[in-house]
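Some notes on the structure that comes next.
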C-alpha cells in the first residue's frame, strides 16, 4: 500500500535543487559586500527563506505530502512569527517615550558611567 | 441519586484486565500500556502534590502572625519558591494531561494505545529525572528566586541551588513535549472508524489544544533556561544590564511559555467539566462546536498575551497596551464555555454526585478567577495591584479553584473506570464541600488583602492585616483536610470499594463501553462509532432504557 | 524494534497508519525544534536591534570563507541524505548505506571546520566569559554577539552530533536488512531531521557571518 503513495523523485530534481542552493549561497555572500542599506538584511533573509523553502519542499518532500504536515509547518512558522513580532513590539517601541531605564539608550556604557553623567 | 442503586445483580469485574494481567515491579516500570503509565504519573504527581502542599503549610503557618517569627526571610523565600515550582511544573502541568489524559484519550477515541508507547514511557522517566533534580535542589538548600526564575535573581545575584532546579525544569520540559506530541499524533491518526472530529468528546478537544501549547511553547522555555544557564555559569551579560543585556528579555521568553502554561493547566479541566456537566444533567452538551473551537481559541490567544505579566517591568508602554488589549480577548472563549455549561444545566435532570459537585465548584470559582484576571489585564489597575495578594488570590482561583477542582472531578468521575471500584459517595460529597469552603476561606481574604496593599512574597506584614491572614490560614487548614479525605478513601476503595461495573454513571462515550478496569488492549473488538459523544436521550426515555439494559 | 521488517506495532491497524503517524510525529517534533531556535532568534533580534554596531563588529571577527565552505558542505550532506531516502524508497540497501556514509563524512567535515573556527576564537580570546578580551569601546556588547554566536552554533552543532549518531544507527539497521521498499520510515525520519538542521544553518550563516559586511 505504502508503495503506491511514495513519490520517488527523479535524480535530476535533487541535483537541480542542490545546484540552486549552492548558487544562492554564492549570491548571498556576494550581495553581503554591496551596500544596500537596510535592504541588505531583507535580501539576506529573503535568500535564506528561499533556500529553506527549497529544502522543505523538495528534500523534505513537503510538496508531495498530505495536507496535515503542510498545515503543521505553516502553523509552526506562524507561531515563530508571533513570538518574534510580539517580543519586538516591545523593543521597537521602547524609545518612543522617555522612560527611566538604563538600558539600550546607553550603548556600551556601564551603569556606573551612567550614574556619573 | 447515585447510579449504583438498582435492582440489577452486583457488577462483576472482568476476569483479566490491565491491572492483573502481569504482576511485579518490573511489569510496571517497563510497561508500555498507556493506562499503567497514566497510573505511574498519577502516583508521582500525588507525591509532588503532597510535597508542594507541605511548602504551602509552612507559608501559611508563618503568615499567622505579623512578625516574621517562624521562618527567616530567606527560608520563607525558599518556601514560596519551592511551593510554586513543585505545584506548577510537577503537579498542575502534568496533572490531568499526563495522568488522566494518558489513561483516557486512547479509550475515548477507541484506540488500543497511544501512537508511540515507548515515547510515553520515556516521558514518564524524563519527568521523574527532572523531579529528582528538583528534589536534589531542595536538599541542597532550596531556591529563592520565585518560581519564575527572574534574572538577575537567578543569574547575577543567585545564592541558592538555581542550577539544579533549572536543570530539573529543563528536563521536565522534554517530558511535557513528548506527551503533547504523542497526544497530537494519536488524536489525528488513531481514532476509531466513524469517530469524526465533531463526534470526539470535548475532553479530547481540550487535550488537543493543550498539546498544541505544550509542543509550541515549551521549547522557548528551554531556550530561555539555556541562556540563563550560560549567563549563570559564565557571567556573560545576556541578561545583565551592566554589560548591555536586558533582564526583560528573559521575561519575554519565560512568559511566552509560562502564560500559555496556565492554559495547559486549565484547558484539560474545562474538558473534564464538559464531560461531567453533560453526564450528570443527562443532557446533550449545549453548543458542542463552539466549546470545541473555544478550546483552540484559548490555546492560540494564550500565546498573544504574555506581556500582561510585564506591565511594570520596563517593557514599552505601547507593547503593554497591545498585550492588555489582547488579554481581554481571552475572556471571550472562556465566557463562551461558562455560558454553554450553564445552558447545558438548564432543564437538565441534575444529580449532585461527587464529580458534579466539583464541576459546579469549578464553574463558580473559575468565573471569579477569570473576572479578576480582567482587572489585572487592565494596565492602570495592574500598576496598583501588581505583586500584591490580589494577584496571588487571582491565580489561585484559576489554578486551584479551576484546574485542581477539575482534576478532583476527573479523578472521581473516572475512578470507577481506573480502579473498577466505587468510592464511598457520602465521603466524596462531604470532602467536595469541605474543599469548596476551605478554598474560599483561604483565598477570598487574599483578594481583600491585596486590594488593601499587602505585597506578596514577604514573611512579615503590618498588624492590621492579621485578621484576614488568620482567616486565610484557617481556610488553608480546612482545605488541607479536604484533600486528605479523598486520598484516604480512594486508596481504601481500591481494595474495599464495591465493584463499579463498566458504566456506573450511565454515561456516554467509548471509555464506558469497555469493562472496568479495561483490558490491556482497551477493547476486545475495535468499536465502530455511529453517534456523537453526548447522545443523552431525554430523561424519561433514559430511565426506561436504563432499566432494560442495566 | 520489531523483528520482522515492516511489522506493524500492535496499536496500529495497518502499515499505512503507522507510517503516517510516524511522519506526523516527526513534523511535530520539528515544530518544537523550530520554536527552540526561535527563542534564540528572538534574543538575537532584540540585541541586534539595540546594538547594531556591536553586532557588525562581532560579525567582522568571523571567517566568511570557512562559514561559506561549511554552508556548501552542509548542503552537500543534505543532498546525500535526500538521496539516501530515495535509495530507501527504491529498496536499494547498498545505496542507503553509501549515501548515509557520505552524509556522515560531510557532517564530520562541517563539525571539523566548526572546531577550527572555535579554536581560533578561543585563541583570540573571543569566547564570552572571564577570558573575553577585545580592544573596543563597545566590547561588552560585542561579547553579547559572541554569546549568541556560541549559543546558536553550539546548539546547532549539538543537533548535528545527534544526527550523526542516528545515521550510524541507521547504517547498522540497514546492514541487517531492516529496510525494504515498503518499510523505511526511520531513514525518512532521520532525513527530515537532518534537513531541518541544514535549514537552521541556512539562516545562521547570513545572520551571524554576513550582515553588515559591506
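Below, the figures for the structure above:
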read-out: Any hit, segment C:192-207, residues being in contact (Cβ under 8 Å) with a residue 24 or more places away in the chain and more than 11 Å from chain A (Cβ to nearest Cβ); value: no
read-out: Identity of the residue in segment C:170-185, more than 14 Å from chain A (Cβ to nearest Cβ) and touching a residue at least 12 places away in the same chain (Cβ under 8 Å), that ends up farthest from residue C:149 (Cα to Cα); value: C:177
read-out: Meets criteria (exposed (fewer than 15 other Cβ atoms within 10 Å of the Cβ), more than 7 Å from every other protein chain (Cβ to nearest Cβ) and in contact with a helix residue (DSSP H, G or I) (Cβ under 8 Å, 6 or more places away or on another chain)) for residue A:53; value: no
read-out: From C:126, C:166, C:134, residue being within 14 Å of another protein chain (Cβ to nearest Cβ) and either at pLDDT below 90 or surrounded by fewer than 20 Cβ atoms within 10 Å (Cβ to Cβ) (or both); value: C:134
read-out: Filtered residue count, segment B:89-110, keeping only those that are over 15 Å from residue B:36 (Cα atoms) and within 14 Å of another protein chain (Cβ to nearest Cβ); value: 2
read-out: Filter pass, residue C:32 being at the interface with chain B (Cβ under 10 Å from one of its Cβ atoms), assigned to a helix (DSSP H, G or I) and crowded, with 22+ Cβ neighbours inside 10 Å; value: yes
read-out: Options C:108, C:38, C:112: the member that is modelled with pLDDT of 95 or more, more than 16 Å from residue C:164 (Cα to Cα) and in a helix (DSSP H, G or I); value: C:38
read-out: Unmet requirement for residue C:71, which otherwise passes all of (1) facing another protein chain (nearest Cβ under 7 Å); (2) crowded, with 23+ Cβ neighbours inside 10 Å; (3) over 23 Å from residue C:164 (Cβ atoms); value: (3)
read-out: Condition check for residue C:144: touching a helix residue (DSSP H, G or I) at 6+ places or on another chain (Cβ under 6 Å), more than 22 Å from residue C:84 (Cα to Cα) and in a loop (DSSP other than H, G, I, E, B); value: no
read-out: Enumeration of residues in segment C:50-68 that are buried (at least 21 other Cβ atoms within 10 Å of the Cβ), part of a helix (DSSP H, G or I) and either facing chain A (nearest Cβ under 8 Å) or touching a strand residue (DSSP E or B) at 6+ places or on another chain (Cβ under 9 Å) (or both); value: C:50, C:54
read-out: Search result, residues across segment A:62-97 that are within 7 Å of chain B (Cβ to nearest Cβ) and either part of a helix (DSSP H, G or I) or crowded, with 16+ Cβ neighbours inside 10 Å (or both); value: A:68, A:79, A:82, A:83, A:86, A:87, A:89, A:90, A:93, A:94, A:96
read-out: Test: residue in segment C:5-21 that is within 7 Å of chain B (Cβ to nearest Cβ), surrounded by 18 or more Cβ atoms within 10 Å (Cβ to Cβ), within 24 Å of residue C:199 (Cα to Cα) and more than 15 Å from the chain's Cα centre (by Cα); value: yes
read-out: Matching residues in segment A:5-38 - criterion: being under 16 Å from residue C:75 (Cα atoms) and facing another protein chain (nearest Cβ under 7 Å); value: A:14, A:18, A:21, A:22, A:25, A:28, A:29
read-out: Inter-residue pairs, beta-carbon under 8 Å, first farther than 18 Å from residue A:91 by Cα and more than 9 Å from chain C (Cβ to nearest Cβ) and in segment B:231-249, second at pLDDT 80 or above and assigned to a loop (DSSP other than H, G, I, E, B), 6+ apart; value: B:232/B:154; B:232/B:155
read-out: Any hit, segment A:40-49, residues being touching a residue at least 12 places away in the same chain (Cβ under 8 Å), more than 8 Å from chain C (Cβ to nearest Cβ) and more than 19 Å from residue C:31 (Cα to Cα); value: yes
read-out: Options B:186, B:134, B:165, B:179: the member that is closer than 19 Å to residue B:48 by Cβ, within 14 Å of chain C (Cβ to nearest Cβ) and assigned to a helix (DSSP H, G or I); value: B:179
read-out: Selection within segment B:467-502 - modelled with pLDDT under 95, touching a helix residue (DSSP H, G or I) at 6+ places or on another chain (Cβ under 6 Å) and buried (at least 22 other Cβ atoms within 10 Å of the Cβ); value: B:500
read-out: Total residues in segment B:305-323, condition part of a helix (DSSP H, G or I) and either out of contact with any helix residue (DSSP H, G or I) (no Cβ under 9 Å at 6 or more places or on another chain) or crowded, with 21+ Cβ neighbours inside 10 Å (or both); value: 7
read-out: Residues (touching a residue at least 12 places away in the same chain (Cβ under 8 Å) and closer than 12 Å to residue C:194 by Cα) located in segment C:77-105; value: C:77, C:78, C:80, C:81, C:82, C:84, C:85, C:100, C:103, C:104
read-out: Residue match in segment C:151-160 (condition: in contact (Cβ under 8 Å) with a residue 24 or more places away in the chain, in a helix (DSSP H, G or I) and facing another protein chain (nearest Cβ under 8 Å)); value: yes
read-out: Boolean, residue B:285 is touching a residue at least 40 places away in the same chain (Cβ under 8 Å), under 21 Å from the mean Cα position of the chain (by Cα) and surrounded by 22 or more Cβ atoms within 10 Å (Cβ to Cβ); value: no
read-out: Test: residue B:233 is assigned to a helix (DSSP H, G or I) and buried (at least 24 other Cβ atoms within 10 Å of the Cβ); value: no
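Condition check ((1) in a helix (DSSP H, G or I); (2) surrounded by 17 or more Cβ atoms within 10 Å (Cβ to Cβ); (3) at pLDDT 95 or above) across all residues:
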site	(1), (2), (3)
A:9	no, yes, no
A:23	yes, no, yes
A:27	yes, no, yes
A:31	yes, yes, no
A:40	yes, yes, no
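The values are calculated or read from the model by the stated rules, or taken from the named source; none is laboratory data. The shown structure was predicted, so the numbers you read here are calculated from the model rather than taken from an experiment. Positions of Cβ are backbone-derived with ideal geometry, glycine not excepted, and every protein chain shown enters the neighbour counts.
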